[in-house]
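The values are calculated or read from the model by the stated rules, or taken from the named source; none is laboratory data. Everything numeric here is computed off the predicted structure, so don't read it as measured data. Don't worry about glycine lacking a Cβ; one is built from the backbone with ideal geometry, like all the others, and counts go over all protein chains shown.
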């Protein structure tokens, strides 16, 4: 993702927040019910029976943190986002947890710093080269984790496409992930036009 595309992302969310306020629709989601379903799918891949640390890239208002707290009150959570406006709201709505404005391509985290890296919705919008952005991001974030990375993508198995979104082939993305690990789970079984992948450290 180039600097122009990053600026476009930041401006998109600033405009929506100004127009709609701090609601899920300002982040591009349809409603809270769908958002909670995505969180549940992500949570299914996390082992909550032990101490857990999560990095949430593109954390938005920190709603995933609130979901995780209900399951694991002592979870170690860090959320980062490109948008200052988004992070300010996340901090105001969450008195615990760590939230920061951060571009991981410029300022990466340390190797094996977190158990799980979660990325929801950050790959959806069409840019100059979506597959390169996806590939570069999963390669770099896989270094940050001890247990694995979890991310979702819009699926190309649809009967309608929005021009502003990029639609991914589940088979192509699965094959892309095999260079990171042989332990990969792809979920395409929930009622949204997307799929979620968990790439596990071996």
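With under 15 Å from the mean Cα position of the chain (by Cα) and assigned to a loop (DSSP other than H, G, I, E, B) as the only criterion, which of 127, 122 stands out?
Values: 127 fails: under 15 Å from the mean Cα position of the chain (by Cα).
Only one candidate qualifies: 122.
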Answer yes or no as to whether residue 160 is closer than 22 Å to residue 195 by Cα and modelled with pLDDT under 95. yes
The residue that is farthest from residue 5 (Cα to Cα), considering only those in the stretch 156-177 that are without any contact (Cβ under 8 Å) to a residue 24 or more places away in the chain and in contact with a strand residue (DSSP E or B) (Cβ under 7 Å, 6 or more places away or on another chain), is 174
Output the residue which, of all residues in the stretch 1-22 that are more than 17 Å from the chain's Cα centre (by Cα) and not in a helix (DSSP H, G or I), is nearest to residue 162 (Cα to Cα). 2
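How many residues, within the stretch 78-99, are assigned to a strand (DSSP E or B) and either out of contact with any strand residue (DSSP E or B) (no Cβ under 6 Å at 6 or more places or on another chain) or within 16 Å of residue 6 (Cα to Cα) (or both)?
Let us first name the residues in the stretch 78-99 that are assigned to a strand (DSSP E or B), namely 78-81, 98-99.
Narrowing the set further to residues that are either out of contact with any strand residue (DSSP E or B) (no Cβ under 6 Å at 6 or more places or on another chain) or within 16 Å of residue 6 (Cα to Cα) (or both) leaves 80-81.
The total comes to 2.
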Checking residue 65 against (1) buried (at least 18 other Cβ atoms within 10 Å of the Cβ); (2) out of contact with any strand residue (DSSP E or B) (no Cβ under 9 Å at 6 or more places or on another chain); (3) modelled with pLDDT of 95 or more, only one condition comes out false. Which one? (2)
Within the stretch 131-164, residues being in contact with a helix residue (DSSP H, G or I) (Cβ under 9 Å, 6 or more places away or on another chain) and more than 22 Å from residue 103 (Cβ to Cβ) number 4
Being buried (at least 19 other Cβ atoms within 10 Å of the Cβ), farther than 20 Å from residue 24 by Cβ, modelled with pLDDT of 95 or more and touching a strand residue (DSSP E or B) at 6+ places or on another chain (Cβ under 6 Å) is the requirement here; does residue 118 meet it? no
